[in-house]
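Below is one structure, written out as structure tokens, with a few remarks after it.
The values are calculated or read from the model by the stated rules, or taken from the named source; none is laboratory data. All figures in this text were calculated on a predicted structure; none of them were measured in a lab. Cβ: placed from backbone, ideal geometry, glycine included. Neighbour counts: every protein chain shown.
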Amino acid sequence: MALYHLSVKYISRKQGRSSVSAAAYRSAENLYCTYDGQQHDFTRKTGVLYTEVLIPDYAPLEFHKRESLWNAVEQAEKRKDSRTAREIEVALPIELTLDEQIALVREYITTNFISLGICADIAIHQKDIRNPHAHILLTTRPVGRKGFHCRKAREWDKRDNVTHWRKQWAEMQNRALERKGLHIRVNHESYRIRGIDKEPTKHLGYTRTALERYGIETERGKENRAIMARNQARELERLRIRERSYERSR
């Protein structure tokens, strides 16, 4: 069943990370970073179904190449603690085929990011049929005909943008599910906002999901089991209250 998940993170030099390394890992490629002189070889990584770089029409043509794009990003950043990329991770509906998932991610990126002058690097992963997801690496500077602008677009960091991106992902997923004739829908809003007395579980990710499936308990798995137990207890209590109310009304 389709589940909603969208998280936003940053790739930062302050964390000892580079956008070239992040792109190499997500795409399972071998990329060289001119900024730190490191070769990042992740060609043995499995579970990568599809990768693609999307750029505005006016961006330099060489940016279609992953290594060229992210090395240009690294060269545009001068600070030792710079954020070099923004990453959006989304869960993909298992009800859609790979081609349909690709089309959905492309539509989402083109509508929300390419139109603003942002370049995007897509990697769709699926090591387990129940956990298809996409990693979307986004540039933090707008791109022009000659490369990246000298100033970052700080307005992209506003919380309202994240709220908008979350809503857009839910709406586009639901349209894709509707086009396929499915009645399943997802919602980007929290249980609290929707007035649902239910505690949300925490995202496991592939590694913890695989460990749990093989019977190896993880801390996040334990937390989720405790959350599900509390939700079940609350639901049972609500049922008891309704039953008592019904008995009194008879």
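If a residue has to be acidic (Asp, Glu) and within 16 Å of Ile88 (Cα to Cα) to count, how many in the stretch 111-132 make the cut? If you could, list the steps in order and put the result at the bottom.
Filtering the stretch 111-132 down to residues acidic (Asp, Glu) leaves 121, 128.
Retained after the next criterion (residues that are within 16 Å of Ile88 (Cα to Cα)): 121.
Count: 1.
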For residues that are of a type in the set (Phe, Trp, Tyr) and out of contact with any strand residue (DSSP E or B) (no Cβ under 6 Å at 6 or more places or on another chain), scanning just the stretch 11-38, find the one that is farthest from Asn71 (Cα to Cα). Tyr25
Here the qualifying pairs (Cβ atoms under 8 Å; residues six or more apart or on different chains; first in the stretch 148-160 and among the basic types (Lys, Arg); second surrounded by 10 or more Cβ atoms within 10 Å (Cβ to Cβ)) come out as Arg151/Arg141; Lys152/Thr140; Lys152/Arg141
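If I filter the stretch 41-53 for residues that are among the small types (Gly, Ala, Ser) and closer than 16 Å to Ala120 by Cβ, do I get at least one hit? If you could, list the steps in order and put the result at the bottom.
Here is the first cut: in the stretch 41-53, the residues among the small types (Gly, Ala, Ser) are 47.
Pick out the ones that are also closer than 16 Å to Ala120 by Cβ and you get none.
Scanning the stretch 41-53, I find no residue that is among the small types (Gly, Ala, Ser) and closer than 16 Å to Ala120 by Cβ, so the answer is no.
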Taking the stated definitions as given, is Tyr50 assigned to a loop (DSSP other than H, G, I, E, B) and either of a type in the set (Ser, Thr, Tyr) or free of Cβ contacts under 8 Å to residues at least 40 places away in the same chain (or both)? no
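Can you confirm whether Lys14 is under 21 Å from Thr140 (Cβ atoms), modelled with pLDDT under 95 and in a helix (DSSP H, G or I)?
Numbers: under 21 Å from Thr140 (Cβ atoms): yes; modelled with pLDDT under 95: yes; in a helix (DSSP H, G or I): yes.
Considered against the rule, which asks whether it is under 21 Å from Thr140 (Cβ atoms), modelled with pLDDT under 95 and in a helix (DSSP H, G or I), Lys14 comes out as yes.
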Based on this model, can you work out whether His135 counts as in contact with a helix residue (DSSP H, G or I) (Cβ under 9 Å, 6 or more places away or on another chain), at pLDDT 90 or above and closer than 21 Å to Glu95 by Cβ? yes
Can you tell me which residue is farthest from Arg66 (Cα to Cα) among those in the stretch 39-50 that are exposed (fewer than 14 other Cβ atoms within 10 Å of the Cβ) and of a type in the set (Ser, Thr, Tyr)? Thr46
Residue satisfying condition, being without any contact (Cβ under 8 Å) to a residue 24 or more places away in the chain and in contact with a helix residue (DSSP H, G or I) (Cβ under 6 Å, 6 or more places away or on another chain), within set Ser68, Ser21: Ser68
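On the given criteria, is Ala103 over 13 Å from the mean Cα position of the chain (by Cα), in the same structural domain as Tyr10 (by TED's automatic domain parsing) and at negative phi?
Working: over 13 Å from the mean Cα position of the chain (by Cα): yes; in the same structural domain as Tyr10 (by TED's automatic domain parsing): yes; at negative phi: yes.
So Ala103 passes the test.
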Filtering the stretch 117-150 for residues that are among the small types (Gly, Ala, Ser) and in contact with an Asp or Glu (Cβ under 9 Å, 6 or more places away or on another chain) leaves a count of 3
Positions within the stretch 69-111 being of a type outside the set (A, V, I, L, M, F, W, C), in contact with a strand residue (DSSP E or B) (Cβ under 9 Å, 6 or more places away or on another chain) and within 18 Å of Tyr4 (Cα to Cα), in sequence order: Glu87, Glu89, Gln101, Arg106, Tyr108
Looking at (1) surrounded by 15 or more Cβ atoms within 10 Å (Cβ to Cβ); (2) farther than 24 Å from Thr34 by Cα, can you tell me which one Arg154 breaks? (1)
Sole miss for Ala170 among (1) more than 27 Å from Tyr25 (Cβ to Cβ); (2) part of a helix (DSSP H, G or I); (3) modelled with pLDDT under 90 is condition (3)
